[in-house]
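Undergrad: Sending over a structure as structure tokens; questions will come in a sec.
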Amino acid sequence: MSSVGEIACTYAALILHDDGIPITAEKISTLLKAANLTVESYWPSLFAKLCEKRNIDDLIMNVGSGGGGAAVAAAAPAGGASIGAAAAPAVEEAKEEESKEESDDEDLGFSLFD
């Protein structure tokens, strides 16, 4: 669960990034003060250090894209088969499930845009 300080500093960093302003602890603190928010003193400096080390555009573009590949690799059979061979059926299975769900939606007889 996220704290108010974490969320507030996230938004402040995104605002600074969107305006093309370098993200520093002082500027995050200034934005939070202007928004009449008080947070623990370590949050602004923590977010400023994070933003120095990471590309914010990459973080924004890759939101929620992690975690899916590890389960497939871990499910590879122990008989010496390659990971790629084990991953292919799992990917095909996921595609079949998606197409089945889509076909279920089509069977309702109405559309959002009708």
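The values are calculated or read from the model by the stated rules, or taken from the named source; none is laboratory data. Please read these numbers as outputs of a predicted model, since none were measured by experiment. Cβ: placed from backbone, ideal geometry, glycine included. Neighbour counts: every protein chain shown. Remember, those area values only see protein heavy atoms, side chains included, never the ligands or the DNA or RNA. Shrake-Rupley method; radii C 1.70, N 1.55, O 1.52, S 1.80 Å.
Undergrad: Only sites in a loop by DSSP and with at most 13 other Cβ atoms within 10 Å count here; which trypsin sites (Lys or Arg not before Pro) in region 13-66 make the cut?
TA: ARG54
Undergrad: Quick one: how many Å² of VAL4 are accessible to a 1.4 Å probe, rounded to 10?
TA: Counting only protein heavy atoms, the figure is 100 Å².
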